[in-house]
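**Student:** One structure follows; several queries about it will come next.
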Amino acid sequence: MKICIVSNLYPPHIIGGAEIIVAKLAESLTERGHEVLVITTSPEKEESTDSVRGVKVHRINPWNVYTVYDHQDKSAPKKALWHSIDIWNPNSLQKVKKILEDEKPDVVHVNNFKGFSMSIFKAVKDCDIPLVFTAHDCSLICPRANLLHANGEICEDPQMVCNVYRNLQRRLINGKVDWLTAPSQFIIDKLKSFNFFNDVKTSRIPLGVELDSERFTKDYQTIDIAYMGGLNRIKGVHVLIKAFKELKNEHIRLHIYGKGIDEDAFKEIAGGDPRIIFHGYLERDQLLDSYHKANLTVLPSICYDNSPMMIYESLTSSTPVVASRIGGIPELIENKHNGYLFQPGNEKELRMILEEIIENPESLKPLEKGAFESASSYSMENYVKSFEDIYKTLKLQ
């Protein structure tokens, strides 16, 4: 089959887990004998076509005030202007449609689309090509993509502008998607609760990882606790730091990997505690090695996380996960089997869980076994096969 994958970001230019899993999917499909092309945005003004690990990559630059790669660093007024253009970008429609007409793929798989605008869906349907859409976040129903108010609290009462945005998105995507997938059932249910995709086939497809052949041996002399991800308040890193500081034990370490807009604030909360180490951003190979060495990873999100890659990579590294009971996270973590769940933002509950584990390191061994066994369900083989089956079904219709 000839498969076109659309993703607003693609290696070597990546920001988060979505583009990593998209690249793995594209490369795996190529290895299985399919012809795969990717349409993505360019980090520069120049547009190009190149090859990344055997995958043909078209990098385009839809007109806007800046590229999606620069979004995080822009002022609020510029972001507002960018978002208004990104609702429907005719320049993007024209460029994507031209590529599809030239390439003539059998199926198009759209992933994160911010930077292309909603016109990406019309471009595919105008070419009469089956369309699979994977929801990696809440972009369709929330301008911020995370269902949070500006103060960081969960949005239960959306403002009028958000309702207008949601209704517009619904009209623009209605009738254009043939199959909806998401890594968590939570996201599928959330979209349907706002009357998206009511008559569309849906599939929950957990992410895929390269599985290790055997469990990693851990050292318990010092209990190494790790957080990997963005250093943003919505990820709850401040909750983790405050809970950790309450632990009266010199043989523990908190390793924080990543970068983000709240890094300085988190360092201030850490208050020079020598047990808390900020490692900054690490390349992927170094980060995977850190998963292997950790005794425990903590994901203290206070936002609706979909299906964090951090959890999958922890599990395959035989590393139990302590995480917030929010979003799609509970679909991956089972209490006392491969980790623990706690109420989002509850420092006391998190501290008590960490304290119990630290005082009884032997309790980590069955959790490590459970983590490794859980990972077997999330192989890259299973992930790719699930999409392959969907593509084939749509091609035959």
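The values are calculated or read from the model by the stated rules, or taken from the named source; none is laboratory data. Quick caveat, the model's predicted, so the values are computed rather than measured. Here the Cβ is made from the backbone with ideal geometry for all residues, glycine too, and neighbour counts use every protein chain on show.
**Student:** Does residue 77 fit the bill of being in contact (Cβ under 8 Å) with a residue 40 or more places away in the chain, assigned by TED's automatic domain parsing to the domain that holds residue 159 and either surrounded by fewer than 20 Cβ atoms within 10 Å (Cβ to Cβ) or in a loop (DSSP other than H, G, I, E, B) (or both)? Working first, answer last.
**Tutor:** Values: in contact (Cβ under 8 Å) with a residue 40 or more places away in the chain: no; assigned by TED's automatic domain parsing to the domain that holds residue 159: yes; either surrounded by fewer than 20 Cβ atoms within 10 Å (Cβ to Cβ) or in a loop (DSSP other than H, G, I, E, B) (or both): yes.
It is false that residue 77 is in contact (Cβ under 8 Å) with a residue 40 or more places away in the chain, assigned by TED's automatic domain parsing to the domain that holds residue 159 and either surrounded by fewer than 20 Cβ atoms within 10 Å (Cβ to Cβ) or in a loop (DSSP other than H, G, I, E, B) (or both).
**Student:** Inside the stretch 153-182, can you point out the residues that are under 21 Å from residue 121 (Cβ atoms) and part of a loop (DSSP other than H, G, I, E, B)?
**Tutor:** 174, 175, 176, 177, 178
**Student:** Moving to a separate point now. Filter the stretch 176-198 for residues that are of a type outside the set (Val, Ile, Thr) and out of contact with any Lys or Arg (no Cβ under 8 Å at 6 or more places or on another chain); which is surrounded by the fewest Cβ atoms within 10 Å (Cβ to Cβ)?
**Tutor:** 193
**Student:** Please tell me if residue 47 is modelled with pLDDT under 95 and either closer than 23 Å to residue 97 by Cα or not aromatic (Phe, Trp, Tyr) (or both). Break it down stepwise before answering.
**Tutor:** Working: modelled with pLDDT under 95: yes; either closer than 23 Å to residue 97 by Cα or not aromatic (Phe, Trp, Tyr) (or both): yes.
In short, yes.
**Student:** Specify the residue that is modelled with the lowest pLDDT; the eligible residues are those in the stretch 94-112 that are surrounded by 16 or more Cβ atoms within 10 Å (Cβ to Cβ) and either outside any helix (DSSP H, G or I) or in contact with a Lys or Arg (Cβ under 6 Å, 6 or more places away or on another chain) (or both).
**Tutor:** 112
**Student:** Provide a single number: the residues in the stretch 190-217 that are touching a Pro at 6+ places or on another chain (Cβ under 9 Å) and in a loop (DSSP other than H, G, I, E, B).
**Tutor:** 3
**Student:** Taking only the stretch 201-214 into account, find how many residues are touching a helix residue (DSSP H, G or I) at 6+ places or on another chain (Cβ under 8 Å) and more than 23 Å from residue 329 (Cβ to Cβ).
**Tutor:** Going through the stretch 201-214 one residue at a time, the tally reaches 0.
**Student:** Considering each residue of the stretch 1-44, count those that are assigned to a strand (DSSP E or B) and buried (at least 18 other Cβ atoms within 10 Å of the Cβ), and give that number.
**Tutor:** Step one: of the stretch 1-44, the residues assigned to a strand (DSSP E or B) are 2-6, 10, 13, 35-41.
Okay, now just the ones that are also buried (at least 18 other Cβ atoms within 10 Å of the Cβ), so 3-6, 10, 36-41.
Result for the stretch 1-44: 11.
**Student:** Name the residues in the stretch 328-351 that are surrounded by fewer than 17 Cβ atoms within 10 Å (Cβ to Cβ), under 20 Å from residue 370 (Cβ atoms) and free of Cβ contacts under 8 Å to residues at least 24 places away in the same chain, would you?
**Tutor:** 330, 335
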